[in-house]
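Q: Would you mind keeping the following structure in view while I ask a few things?
The values are calculated or read from the model by the stated rules, or taken from the named source; none is laboratory data. Bear in mind that the values here come from a model prediction, so they are computed numbers and not experimental data. Note that we place each Cβ from the backbone using ideal geometry, even for glycine, and neighbour counts take in every protein chain shown. SASA here: full protein model, heavy atoms, side chains in, ligands and nucleic acids out. Shrake-Rupley method; radii C 1.70, N 1.55, O 1.52, S 1.80 Å.
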Amino acid sequence: MTLFPILGIVFLLCFSDRLAICANCPYSGNPTTSLNEITLIHGAKTRNIPFPDGRLLAPAPDITVLSNDTLTNDTRILPTIGNGHIATVVKSDTMCMNGLYNGYAIKTHRALLPSIMIKSITINGSAKSNYSIDFKNGMFVESHSGQNFSVTMKMYAHRSLPQLIVTELLMLNEQHLPLQLSISSGKATVTDDLDQNLSGSRSSPSDNNTGIFFGRIKEFEYSWNETRNVTMVYSRIPSNICVAPYQKMARLFLLSVDSNPQVAKEQFTEGVTLFINNTLENQHIQTWQSIWNNGRIDVVGNDNLAKLICSSLYYILSSLPLSEKPGFIGLSPGGLAHGLMYNGHVFWDQETWMYPPIQLLHSDIGKAIIKTRIRTLDNAKHQAMMRGFRGAMYPWESAFSGYDVTPVPPYFQFEKHITGDISFAARQYIYLTRDTHFLIHERGNEMIRDIAEFWESRAVFNKRTSVYEIYNVMPPDEYHHQINNSAYTNLVAQLSLRLPEFIDGLLGQYSKPLYKEVADNMYIPFDKSRRYHPEFDGYQQGEKVKQADVILMGFPLMMAMPGDVRRNDLLIYENVTPAGPAMTWGMFAIGYLELNDTTEAARLFRKQEENVAAPFNVWTENADGTGAVNFITGMGGFLQSLLFGYGGIRLHPDRIDFHGRLPPSTTSFKITGLDYLGGSIDLSFTNDKTNVTLTKMAKHPMKLKCEGKTVRLEVGKNIEFTTSPASLEPDFPLLPTKKPASTIPSNKFL
């Protein structure tokens, strides 16, 4: 045999796989684009645009991007993408839509939908992989690069077209052989939450590249008018994609989800049009950029902390709509993506932990949270009536209907402080906005008074001691239930009873005098000899507690108390809270900062990091990794420890106080976009200097009180002073003409 036939056989053996690829590759001929162009493809629609295109670049790791070379198989700690309407854990088989629940009564839970998206990519060639969550641009980015080729996949829940989850597959082949991709994807199949007889998948009559999936939940929660149908319009995903030599292409795979079939179809069409016009991704990024520009927290000198701040704010915001939206159900502890964490129910977590930082930084989105309780006000009234009380009594856990769906009896029966927590959130909203339209025309005043009416009917007058008491409750510490006079519950009830009097002055009306009578004489447990607040009547010092409870009286409830009492509460309850959930330790840090004990504050502030799972900063409820994920309740407490702890922000009826201090291991700390009375203010702090800048004019002229001086704020003008306690207030009297009694009372029993 001659040498040439032998070489020919060797060549065929070595390159048979490549030749097979070429034979099966629809793009194996000459490249369809020039070296200076990239082809945008969706189904039969194509368009060439100039190259280079910035979308081909994977994000560089910085404080807004977390990356890793491998991806864990533990989906619990994978990052999430969402926009308040739809959300998913990347690589998971399922996704969730706001408002879609399945199951009767206490069995109700967020319905799981099929995730019709790319799950994995395999490439015929040696490639280096990277996986990133880009918080700044709100997207998950997966990249694979080898010699003369790269593949980048971007997934994001579109921020301005909320029905859409977008997958862009960006491929660059600069070698002389085709590039073959094998793709695994989720299928349009029913889940356990959908009625199989009424579900189906078919092709669009006008486009074989598009599928339509219809589904209906199996069981209503209570009401016949619940959101029950879902339509998913999706791009069909091939099992293989071939990229011709020297070709650059971007392929779109779109998923549009809504309860209204017409809306789902229209948004899908709009998404394809924007992609072909090369504006789909830019519109999404610009919307996220606007969110970050309007409100965020930055630190310098501690990159790990900066990343944790950015990721925490992203994960909460990605479960929220851009602004008030009818039908928004609310925030659950695991966010929208983790639908089965606490069944997707809404708890006190929303008002007490997640809401305050959002309201400070994004007032429009904050209002969306408050309106979730207006949406269910009528059912809260019905619940109070059924339990023999007046007014409105909100359930411990709620979902679509607003009725109680708490699956465990003790919580259902006794954990009533949530009604006061909702009133306290409304108090913060009114302090920050003076939104009288909300009070008069959006039932805000009605909700506030109905909550006061509930507590007035729930409190019992003790003739022997001449005080009002509240029996048979469960405090935030859920290790104890059916106790009397929870210190936290009684205080939040007292504040609920005082709020109508404050609203009276704003609206020029009068509420029942009995509200004030009950509030003024509400019993708050206090041990005079040991100078601390027992958690409830009969509490024995040393009994273990689950989480922050009594210490919440100092903040956020801002009860006035002597420094030694505040310190005693902190010391006593830290020692008996062995493994509190994530949000607990931020409140302890705030307490020590109030006492100017920065050493103890820093220790407890850092303790929060124990609940953060690498590499994507996914929070777990407990430090050992157990409990709910991605635990946005803990993130809310963490952000509060920055804003209200190291920022020292305190909300009052007529002003905002603040006193900036640097978080651990930082050289500067900035709060961008603090929203107050329609205006926006930037606060920045270094070790010894504070800067205040009004960036948007408020409803009234604003002034700053610092260092014994009063300075008028002007848009764009920076005011610098030596760091010390200071106040922001409008140059206009904000206290009601009919001055209310002390809105944040001291303990009359001290």
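Q: Counting only residues that are of a type outside the set (Ser, Thr, Tyr) and open to solvent by 10 Å² or more (accessible area, probe 1.4 Å), which one in the stretch 495-512 is farthest from residue 478 (Cα to Cα)?
A: The initial filter retains those residues of the stretch 495-512 that are of a type outside the set (Ser, Thr, Tyr), namely 495, 497-509, 512.
This time we only want the ones that are open to solvent by 10 Å² or more (accessible area, probe 1.4 Å), so: 498, 501, 505-509, 512.
Details: 498: 26, 501: 32, 505: 37, 506: 37, 507: 38, 508: 40, 509: 39, 512: 33 Å.
My answer is 508.
Q: Also, I was wondering about something else. Tell me the residue from 363, 332 that is in contact with a strand residue (DSSP E or B) (Cβ under 9 Å, 6 or more places away or on another chain), among the hydroxyl-bearing types (Ser, Thr, Tyr) and open to solvent by 10 Å² or more (accessible area, probe 1.4 Å), please.
A: 363
Matching residues to (1) touching a residue at least 24 places away in the same chain (Cβ under 8 Å); (2) in contact with a helix residue (DSSP H, G or I) (Cβ under 7 Å, 6 or more places away or on another chain); (3) farther than 23 Å from residue 629 by Cα:
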residue	(1), (2), (3)
289	yes, no, yes
294	yes, no, yes
300	yes, no, yes
307	yes, no, no
311	yes, no, no
325	yes, yes, yes
331	yes, yes, no
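Q: Right, something else. Would you check if there is a residue in the stretch 216-237 being surrounded by fewer than 19 Cβ atoms within 10 Å (Cβ to Cβ), modelled with pLDDT of 95 or more, of a type in the set (Gly, Ala, Ser) and outside any helix (DSSP H, G or I)?
A: Checked against the condition, which is being surrounded by fewer than 19 Cβ atoms within 10 Å (Cβ to Cβ), modelled with pLDDT of 95 or more, of a type in the set (Gly, Ala, Ser) and outside any helix (DSSP H, G or I), the stretch 216-237 yields no hits at all.
Q: Select from the stretch 557-568 the residues that are open to solvent by less than 20 Å² (accessible area, probe 1.4 Å) and within 30 Å of the chain's Cα centre (by Cα) and list them in ascending order.
A: Looking only at the stretch 557-568, we keep the residues that are open to solvent by less than 20 Å² (accessible area, probe 1.4 Å), and these are 557, 559, 565-566.
Once the filter is applied, which keeps residues that are open to solvent by less than 20 Å² (accessible area, probe 1.4 Å) and within 30 Å of the chain's Cα centre (by Cα), the stretch 557-568 yields 557, 559.
Q: Then there is this: Among (1) open to solvent by less than 20 Å² (accessible area, probe 1.4 Å); (2) out of contact with any Leu (no Cβ under 9 Å at 6 or more places or on another chain); (3) under 26 Å from residue 432 (Cβ atoms); (4) not small (Gly, Ala, Ser), there is one condition residue 358 misses while meeting the rest; what is its number?
A: Looking at each condition in turn, residue 358 falls short on (2).
Q: I'd like to know if the stretch 711-725 contains one or more residues that are out of contact with any Lys or Arg (no Cβ under 9 Å at 6 or more places or on another chain) and surrounded by 16 or more Cβ atoms within 10 Å (Cβ to Cβ).
A: yes
Q: Here is a follow-up. Output the number of residues of the stretch 289-326 satisfying the condition of being within 21 Å of residue 369 (Cβ to Cβ), in contact with a Ser or Thr (Cβ under 7 Å, 6 or more places away or on another chain) and polar (S, T, N, Q).
A: So the answer is 1.
Q: In the list 548, 602, which residue meets the criterion of being in contact with a Pro (Cβ under 8 Å, 6 or more places away or on another chain) and assigned to a loop (DSSP other than H, G, I, E, B)?
A: 548
Q: Provide a single number: the residues in the stretch 614-666 that are open to solvent by 20 Å² or more (accessible area, probe 1.4 Å), more than 20 Å from residue 554 (Cβ to Cβ) and more than 15 Å from the chain's Cα centre (by Cα).
A: 11
Q: Among (1) over 30 Å from residue 400 (Cβ atoms); (2) open to solvent by 20 Å² or more (accessible area, probe 1.4 Å), there is one condition residue 299 misses while meeting the rest; what is its number?
A: Among (1) over 30 Å from residue 400 (Cβ atoms); (2) open to solvent by 20 Å² or more (accessible area, probe 1.4 Å), residue 299 violates only (2).
Q: Something else about it: Hey, among the residues in the stretch 461-494 that are among the polar types (S, T, N, Q) and outside any loop (DSSP other than H, G, I, E, B), which one's surrounded by the fewest Cβ atoms within 10 Å (Cβ to Cβ)?
A: Among residues in the stretch 461-494 that are among the polar types (S, T, N, Q) and outside any loop (DSSP other than H, G, I, E, B), the one surrounded by the fewest Cβ atoms within 10 Å (Cβ to Cβ) is 462.
Q: Which numbered condition trips up residue 21, out of (1) at pLDDT 90 or above; (2) part of a helix (DSSP H, G or I); (3) in contact with a Leu (Cβ under 9 Å, 6 or more places away or on another chain); (4) not hydroxyl-bearing (Ser, Thr, Tyr)?
A: The number of the failed condition is (1).
Q: I've got another one for you. Looking at the stretch 570-597, which of its residues are surrounded by 17 or more Cβ atoms within 10 Å (Cβ to Cβ) and not hydrophobic (A, V, I, L, M, F, W, C)?
A: 573, 574, 577, 580, 581, 584, 586, 591, 592, 594
Q: Is one or more of the residues making up the stretch 416-428 in a loop (DSSP other than H, G, I, E, B), open to solvent by less than 10 Å² (accessible area, probe 1.4 Å) and touching a His at 6+ places or on another chain (Cβ under 8 Å)?
A: For the stretch 416-428, residues in a loop (DSSP other than H, G, I, E, B), open to solvent by less than 10 Å² (accessible area, probe 1.4 Å) and touching a His at 6+ places or on another chain (Cβ under 8 Å): absent.
Q: Looking at the stretch 307-324, which of its residues are open to solvent by less than 30 Å² (accessible area, probe 1.4 Å), assigned to a loop (DSSP other than H, G, I, E, B) and out of contact with any strand residue (DSSP E or B) (no Cβ under 6 Å at 6 or more places or on another chain)?
A: 320, 321
Q: Could I ask something else about it? When the stretch 641-696 is examined, which residues are found to be of a type in the set (Phe, Trp, Tyr), within 20 Å of residue 597 (Cβ to Cβ) and touching a residue at least 60 places away in the same chain (Cβ under 8 Å)? Even if it seems obvious, please write down each step before you answer.
A: Taking the stretch 641-696 and keeping what is of a type in the set (Phe, Trp, Tyr), we get 644, 646, 658, 669, 676, 685.
Okay, now just the ones that are also within 20 Å of residue 597 (Cβ to Cβ), so 644, 646, 658, 669, 685.
Selection gives 644, 658, 669.
Q: What tally of residues in the stretch 339-371 results from selecting those that are farther than 19 Å from residue 406 by Cβ and not in a helix (DSSP H, G or I)?
A: 1
Q: If you don't mind, there's one more thing I want to ask. Inside the stretch 99-170, counting only strands (runs of 3 or more DSSP E) that do not spill past its ends, which hold 1 or more residues that are touching a Pro at 6+ places or on another chain (Cβ under 9 Å), at pLDDT 95 or above and open to solvent by less than 20 Å² (accessible area, probe 1.4 Å)?
A: Details: elements: 118-123, 128-134, 139-146, 149-157.
Hits in the stretch 99-170: 128-134, 139-146.
Q: Quick one: how many residues across the stretch 260-269 are in contact (Cβ under 8 Å) with a residue 24 or more places away in the chain and surrounded by fewer than 17 Cβ atoms within 10 Å (Cβ to Cβ)?
A: Residues in the stretch 260-269 being in contact (Cβ under 8 Å) with a residue 24 or more places away in the chain and surrounded by fewer than 17 Cβ atoms within 10 Å (Cβ to Cβ): 3 in total.
Q: Filtering the stretch 58-89 down to residues that are among the β-branched types (Val, Ile, Thr) and surrounded by 23 or more Cβ atoms within 10 Å (Cβ to Cβ), which residue is farthest from residue 324 (Cα to Cα)?
A: Per the criteria, the residue is 89.
Q: Please go through the stretch 248-306 and pick out each residue that is outside any strand (DSSP E or B), among the hydroxyl-bearing types (Ser, Thr, Tyr) and within 22 Å of residue 40 (Cβ to Cβ).
A: 269, 273, 279, 287
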